[in-house]
Structure formats: C-alpha cells, structure tokens
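Asks: The structure that follows is given in the form of structure tokens.
The values are calculated or read from the model by the stated rules, or taken from the named source; none is laboratory data. None of these values were measured; they are calculated from a predicted model. When we count neighbours, we look across all protein chains shown, and the Cβ atoms used for this are built from the backbone with ideal geometry, even at glycine. Note: areas computed on protein heavy atoms with side chains; ligands, DNA, RNA excluded. Shrake-Rupley method; radii C 1.70, N 1.55, O 1.52, S 1.80 Å.
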Amino acid sequence: MRKSLILVVTVLTACASAALPPGGPEDKVPPRLVRVTPDTNAVNVTDRVVSFYFDETINDRGQGAQELDNFFLVSPSDGAAKLSWHRSRIDINPRHGFRPNTAYTITMLPGLADLRSNTMKTGASVVFSTGPTIPTLRIEGNAFDWVAGTPARAYLEAVTPDSIIYLAQADSLGRFTIGPLTPGSYLVRAIIDQNGNRALDRLESFDTLRVTVPHAGRVEMLAAPRDTLASRMEVPVVTDSLTLTVPFSGLLDPTQQITPAEFRLLTTDSVAVPVVVALSPPELHRADSLRAKVTADSLRRADSLAGKPLTPIIAPLPPVVSAKPPPPPPPKPSIAAPYKSVTLKLGQPLKPNTEYRLSTTGLRGINGIVQPSERRFSTPKPPPPKAAPDTVPAATPVRRVPATTPAAPATTPPSAP
C-alpha cells in the first residue's frame, strides 16, 4: 500500500511539472462588441432595454475616474439614463422608459475597457423606433475650438421648442450627426465639456445656433469662451516708441474691420498723437511676413549690385509619391479665430516717462456687444546713459639715469711733526 501511494504521488508530481505555467500569454486585445439588441433600424420595438453584448467582461468602473454610464448617450433624452452591468452585457434604457412612436439613437462612445485596462478605440450606435417609421432628417456638421482653430470633441444638444433634447458627441475630427429628427426648429448647442458632466460650466467654451430642419449642408459650431459683458480695453503696452499693443478683456469679433479712427491717443495736456494703423493679430502677422520678405529681397539685391556671391535659392524637393495616399488634413473653421488684442502704429514717437490717455469708440465682441472704454498709461523712463569706456592713460616714459661710481672718501693729510 505504501509503495502504491508513493507511485501515485510520483506520477502526479511528474504531470504537474510538465504543465504550462498558469495565466497564459498576456491579453492586450480590447473588448469587442458582438451584437446589440434591438437591431438597428428596427421599428415597432417593444423592448424595455437596449443591450450591448461583448466578447469579455467589461470593467464596471470604466476607464480612469469615469463612471460606466458616461460612455452611453440616449437620444432623445429625459435625464440621466439607467444603466445596468452584467459582466459582458450592458443594458441601457431612458430614465422614464421608451416613449411610444419615438425614434431613438443609443450611442456607445469609445473608451470602454476590460479588466486588464485594454481600451476600445471605437464606439457604436443603434437607431430604432417604438413606432412604425424612422425619420430620415438629421443635423450634420463640424465642431471646432474656435480660438485654437482645431476640431473639438464637443458634446452637442439639439432642443425643440417643447424642450425635447437630442444628444450627440463629435468625433476626433469634430464631425457630428444629431438625429433622426422630425421637421422643425432646433436650438443646437456645442460644449467643449472639459469635466465630462454634460453641462455648460463657467469658463467652458461653447456655441449656440438656431437650425431649421430640414437643413441643407453642414452646420459649423464655433466653441469659444463667451459671456454677457462687453470687451473693454485694458492697459496698453508700449512695444516701442511707435507701437502700442492694446489688450481687451474679452474675445473680439474677427469679422469686423478695425480702423485707426476707432482710437484716440492724447497726452495729459490734450495734445493728440496720430494713430496711423490699427492691426488685428492676423493682419500684424501678414505685415511682419511681408516686411521680412521685402528686407530679404533688398539685401539680396544689394549683394548682387555689390558683386557679392549670392546664397543659392534651393527649390523644394518634389513630394515622395507613396502607394498609400496621405490622410486629408483636419478641417478648419471657415471664420478666422477671435483675438484679444490690437496693435496700433503711431505717426510720431512717444516721449519717455510721460502719461498718455487712449480711448476707443468700442470694438465688437463675439457676443455682439460694443462699449466705449478708456485707459491711462505711462511710457517707461529712458535708460540711463551708457558710461564712457574707461581709458588707460598713456604710460609716461621713464628716463633712465646712468649709474655713477661712488666717489672715494676724502683723506686727511697727516699732520706735520
């Protein structure tokens, strides 16, 4: 019996040592959406929930600090949707259930992760109706961070006059689609939702636009920080004796034409200093670029007349043609970005250590408000005069005195006896 027991233990030990290590290879594949019920484009749906099925367990805390329900949008919305987690299945339904004869869009946003934090890079959506038909109308467009001039992953709402709210989320290129919708008027709002609470908070960029459906073409949402106050002039900055940079408290409308007549510069004794040019930042950039080109051309012409060897102008190399075409550039806003400063060029130099008063008739902010304003400023003190360079006096020649042999001491003659 004892020998048999030893033999069994030996065999089990040998089998255990030959097995693969536990755990297997590391899983780096994100979860995959298998199916959604009800099917997209289904009509007369009576299901009480919409179910998303995955091929593995989904992390019920989402990715990072976000909750799982932040990855789903129910449109039209009647408040925060209800969500239940069943490991590899997630069920979603509106807060007060599905309404009859209504078309819904349930959107799953990118970012869901499995238990090993492998994140899904793409999302999905399903469109269905609790009635017999699905409307074909939609609002399509692009959302931008207007100040930066780049596409924005904006959160979007389209509100009907009777307060039905349709939701959407723009993708990485700012593209969005809201719908399906019925004909009518919608107030569309785009928010760069920095804290992810799906609400407009103070200092967040946004834009609103009234859209009548059906609408031809794409709409453009230009999100920027906005308030109800006028853009007032702040303390001017002396760039040099002939240039002032004038900042404003809010963003200015880039479609307006700014002229020197809108500014007046006076000394304390009411002597006017002429303002000859008023430039927005884009105009200043173009002027600086043109000035640099003219200067370079003038230097090159002078070198040519002087017979100096010229630096060869190297033509750009032709683009390398690859089998795969490059991706199209990201879209840009059709309207230039708003700005918060204006540069003034003066007809005579400012005096140092002097007080001035600058007033403006008012520039239009992006909220459409115009209000005059005035500011006082002082020019800097003149720099102290440069000290004269220390001079070393010329060395006084030293006259060499020839060495003399010391005289022999005088001897007293001996006295006579």
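Asks: For Arg198, indicate whether it is in a loop (DSSP other than H, G, I, E, B), of a type in the set (D, E, K, R) and open to solvent by less than 70 Å² (accessible area, probe 1.4 Å).
Replies: Numbers: in a loop (DSSP other than H, G, I, E, B): yes; of a type in the set (D, E, K, R): yes; open to solvent by less than 70 Å² (accessible area, probe 1.4 Å): yes.
When the stated conditions are applied, Arg198 passes them.
Asks: Moving on. Can you tell me how many residues within the range 151-183 are open to solvent by 60 Å² or more (accessible area, probe 1.4 Å) and in a strand (DSSP E or B)?
Replies: Count: 3.
Asks: Could you tell me which residue of the range 184-195 is most open to solvent (accessible area, probe 1.4 Å), considering only residues that are in contact (Cβ under 8 Å) with a residue 40 or more places away in the chain and either in a loop (DSSP other than H, G, I, E, B) or closer than 24 Å to Lys332 by Cα (or both)?
Replies: The selected residue is Ile192.
Asks: Could you please tell me which pairs satisfy a Cβ distance under 8 Å, a separation of 6+ or placement on different chains, a first residue in the range 266-284 that is open to solvent by less than 30 Å² (accessible area, probe 1.4 Å), and a second residue that is among the small types (Gly, Ala, Ser) and part of a loop (DSSP other than H, G, I, E, B)?
Replies: These pairs meet every condition: Val273/Gly347; Val275/Gly347.
Asks: To continue, here is another question. List the residue pairs whose Cβ atoms are under 6 Å apart, where the first residue sits in the range 42-55 and is without any contact (Cβ under 8 Å) to a residue 60 or more places away in the chain, the second is surrounded by fewer than 18 Cβ atoms within 10 Å (Cβ to Cβ) and of a type in the set (D, E, K, R), and the two are 6 or more positions apart or on different chains.
Replies: Note: pairs meeting the criteria are Val49/Asp91; Ser51/Arg89; Ser51/Asp91; Tyr53/Arg35; Tyr53/Arg89; Asp55/Arg32.
Asks: With respect to Thr239, determine if the residue is exposed (fewer than 12 other Cβ atoms within 10 Å of the Cβ) and farther than 30 Å from Ala143 by Cβ. Let's see the steps before the verdict.
Replies: Values: exposed (fewer than 12 other Cβ atoms within 10 Å of the Cβ): no; farther than 30 Å from Ala143 by Cβ: yes.
So Thr239 does not fit the description; no.
Asks: Are any residues in the range 355-371 hydroxyl-bearing (Ser, Thr, Tyr) and modelled with pLDDT of 95 or more, and if so, which ones? Full working, then the answer.
Replies: Step one: filter the range 355-371 for residues hydroxyl-bearing (Ser, Thr, Tyr), giving 356, 359-361.
Matches in the range 355-371: Tyr356, Ser359, Thr360.
Asks: Looking at the range 80-108 only, could you name the residues that are modelled with pLDDT under 95 and under 30 Å from the mean Cα position of the chain (by Cα)?
Replies: Ala80
Asks: In the range 264-272, is there at least one residue being assigned to a strand (DSSP E or B), of a type in the set (Lys, Arg) and within 25 Å of Ser378 (Cβ to Cβ)? First the steps, then the outcome.
Replies: If we filter the range 264-272 for residues that are assigned to a strand (DSSP E or B), which is where we start, we get 264-267, 272.
So of that shortlist, the ones also of a type in the set (Lys, Arg) come out as 264.
The next check asks that each one be within 25 Å of Ser378 (Cβ to Cβ); those that pass are 264.
The answer is yes; a qualifying residue exists.
Asks: Within the bounds of the range 212-220, is there any residue that is open to solvent by less than 80 Å² (accessible area, probe 1.4 Å) and among the basic types (Lys, Arg)?
Replies: For the range 212-220, residues open to solvent by less than 80 Å² (accessible area, probe 1.4 Å) and among the basic types (Lys, Arg): absent.
Asks: Please tell me if Phe128 is of a type outside the set (Lys, Arg), farther than 20 Å from Asn197 by Cα and crowded, with 18+ Cβ neighbours inside 10 Å.
Replies: Details: of a type outside the set (Lys, Arg): yes; farther than 20 Å from Asn197 by Cα: yes; crowded, with 18+ Cβ neighbours inside 10 Å: yes.
For Phe128, the condition - of a type outside the set (Lys, Arg), farther than 20 Å from Asn197 by Cα and crowded, with 18+ Cβ neighbours inside 10 Å - is met.
Asks: Could I ask something else about it? Sort out which residues of the range 372-394 are exposed (fewer than 13 other Cβ atoms within 10 Å of the Cβ), farther than 20 Å from Pro274 by Cβ and at pLDDT 80 or above, and write them in order of number.
Replies: Pro380, Lys381, Pro382, Pro383, Pro384, Pro385
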